[in-house]
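The values are calculated or read from the model by the stated rules, or taken from the named source; none is laboratory data. This one's a predicted model, so the numbers in the text were calculated from it and none came from an experiment. All Cβ positions, even for glycine, are placed from backbone atoms using ideal geometry, and neighbour counts span all protein chains on display. Surface accessibility is based on the protein's heavy atoms, side chains included, excluding ligands, DNA and RNA. Shrake-Rupley method; radii C 1.70, N 1.55, O 1.52, S 1.80 Å.
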Amino acid sequence: MNFPEKFEKEMIRILGEVGFEEYKSCFAKDAIRALRVNTLKIAPEEFKKLTGWKLEEIPWTRNGFYCHENMVPSRHPYYHAGMYYIQEPSAMTPAQFLPIEEGDKVLDMCAAPGGKSTELAARLDGTGILFSNDISFSRCKALLKNIELFGIKNAIIMSEKPNDLEDRFRGYFDKILIDAPCSGEGMFRKDSKMIDAWLEHGPDYFAPIQRSILESGIKMLRPGGMLLYSTCTFSVKEDEETVDYILKKYPEMSVVDTIDPGYFEKGRPDLLENPAEGISKTRRLFPHKIRGEGHYLALLQKAEDAVSSSNKVELAISKDKIPGECIDFLKSMGIDYKSVKDRVKLFDDKAVLLPEGCPKLDHLRVIRSGVYLGDCKKGRFVPSQAAAMTIKKGEFNNELHLNLEDERLCRYLKGETLTLRDKDGVKDGTVLVFVGDQPLGFGKAGKGTLKNKYLVGWRMNG
């Protein structure tokens, strides 16, 4: 592969002549394929046992696995059940190394398409609130799908400029992740077209953008809160120099180590210290040193005694009159309406269950807040695909369980009408379809058939 001359000189300066030759040699190898298990739905060991797939643990993750080269994980029903996310191995590091605690208010500033947000939500384990934001409204479509596919209940998805969020949420967040837009040098092996993009918009273009996003993030971080800055590029200008800029401008910020020696039971992963002129405790992953495309990580913390202005954030409390059909649907999910009535809100005819502790979001470009339950029609309620994905086995009052050997499973995922059998034990009316213990979507049973309600945009092709 032919690299731009400027890039090659910078990499030689960082790695040395020998290191750069080792780096170049990795381009003869194929890009690495991997998946990350959704721990909201299943434990990694249980997943391995259930699938029987040939999987190898990624050493710097709790729930990431290298895939066998012959696997096609995107075509499996378990993928449609939100049991895992297909993700490049080193891209798993940012959400793994931000120290999430239950109950945290977390912001993923540049969230689309959702690889990092879905892991942050899994680590929150249904507590606290996750704000997933991306400035690109079009990219938020993929973000929304992945949040819904994972069955996440406590996420707020927005499409706002960082400085507009800053005006509303000063001093609000416990943890912030900024996997910043960058020149993408770590993507050269995976997609050679990224070299053309680098020639058009390289480090000099992205560094000011990254610094602006970081400054907004710092203002939204509470005293004592942590911010993880990451890129998929090797540029010193975008990585260490950007962190150095922040440390000099904001003395209340300091770098803390991304890795505690006892962080994993299996021991300290081999993540490199920065071999350039670097900043102590920030980390670099290079594709010739690890099985991944590469990343840069810097974990920053705001001092506990930092003088920080905080905006008063009011809670959103719903006083909407909710139709009885929606209340009946909640009951079918095992949810007592009285316990959540302050959080069930109507947006036109769409019913949403807001996350606990959800703030007012007026005048922000909100795509989804909490769980989209379904549509309130005249005298009936049409449950949503998003609601289906949040329900666990045994929680719904009418369930159809299909196993991998049942030919009806793939037919359901393709949107076809199914024939019901006596042994299915299904009653007429709304039915929640499962693959094993995991929900897939709804159908409508009647006269021995199941009319398919699986969301059109999610259906399996071919």
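Overview of values
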read-out: Every residue from segment 373-393 that is modelled with pLDDT of 95 or more and not in a strand (DSSP E or B); value: S384, Q385, A386, A387, A388, M389, T390, I391, K392, K393
read-out: Some residue of segment 293-301 being open to solvent by less than 30 Å² (accessible area, probe 1.4 Å) and charged (D, E, K, R); value: yes
read-out: Scan of segment 110-133 for residues that are open to solvent by 10 Å² or more (accessible area, probe 1.4 Å) and closer than 23 Å to A316 by Cα, ordered by number; value: D125, G126, T127, G128
read-out: Residue satisfying all of: in segment 237-263; at pLDDT below 95, within 25 Å of the chain's Cα centre (by Cα) and not in a strand (DSSP E or B); surrounded by the most Cβ atoms within 10 Å (Cβ to Cβ) among these; value: T258
read-out: Residues that are within 16 Å of G443 (Cβ to Cβ) and open to solvent by 30 Å² or more (accessible area, probe 1.4 Å), drawn from segment 366-380; value: R380
read-out: Every residue from segment 325-351 that is open to solvent by less than 70 Å² (accessible area, probe 1.4 Å), of a type outside the set (K, R) and assigned to a helix (DSSP H, G or I); value: E325, C326, I327, F329, L330, S332, Y337, V340
read-out: Subset of segment 182-200 that is under 17 Å from F20 (Cβ atoms) and among the charged types (D, E, K, R) - its residue that is surrounded by the fewest Cβ atoms within 10 Å (Cβ to Cβ); value: R189
read-out: Boolean, S212 is open to solvent by 10 Å² or more (accessible area, probe 1.4 Å), more than 27 Å from N2 (Cβ to Cβ) and among the polar types (S, T, N, Q); value: yes
read-out: The one condition in (1) of a type outside the set (V, I, T); (2) surrounded by 14 or more Cβ atoms within 10 Å (Cβ to Cβ); (3) under 28 Å from K193 (Cβ atoms) that L40 fails to fulfil; value: (3)
read-out: Residues satisfying the stated conditions in segment 418-437, i.e. farther than 21 Å from C326 by Cα and open to solvent by 20 Å² or more (accessible area, probe 1.4 Å); value: T419, L420, R421, D422, K423, D424, G425, V426, G436, D437
read-out: Boolean, F65 is crowded, with 20+ Cβ neighbours inside 10 Å and out of contact with any helix residue (DSSP H, G or I) (no Cβ under 6 Å at 6 or more places or on another chain); value: yes
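For every residue, the table says whether it meets (1) assigned to a loop (DSSP other than H, G, I, E, B); (2) touching a strand residue (DSSP E or B) at 6+ places or on another chain (Cβ under 7 Å); (3) farther than 30 Å from I42 by Cβ.
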residue	(1), (2), (3)
F137	yes, no, yes
L144	no, yes, no
E148	no, no, no
L165	no, yes, yes
G171	yes, yes, yes
I176	no, yes, no
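Conditions tested, residue by residue: (1) in contact (Cβ under 8 Å) with a residue 24 or more places away in the chain; (2) surrounded by fewer than 24 Cβ atoms within 10 Å (Cβ to Cβ).
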{"site": "E88", "(1), (2)": "yes, yes"}
{"site": "P99", "(1), (2)": "yes, yes"}
{"site": "D108", "(1), (2)": "yes, no"}
{"site": "I135", "(1), (2)": "yes, yes"}
{"site": "K141", "(1), (2)": "no, yes"}
{"site": "K145", "(1), (2)": "yes, yes"}
{"site": "K161", "(1), (2)": "yes, yes"}
{"site": "R168", "(1), (2)": "yes, yes"}
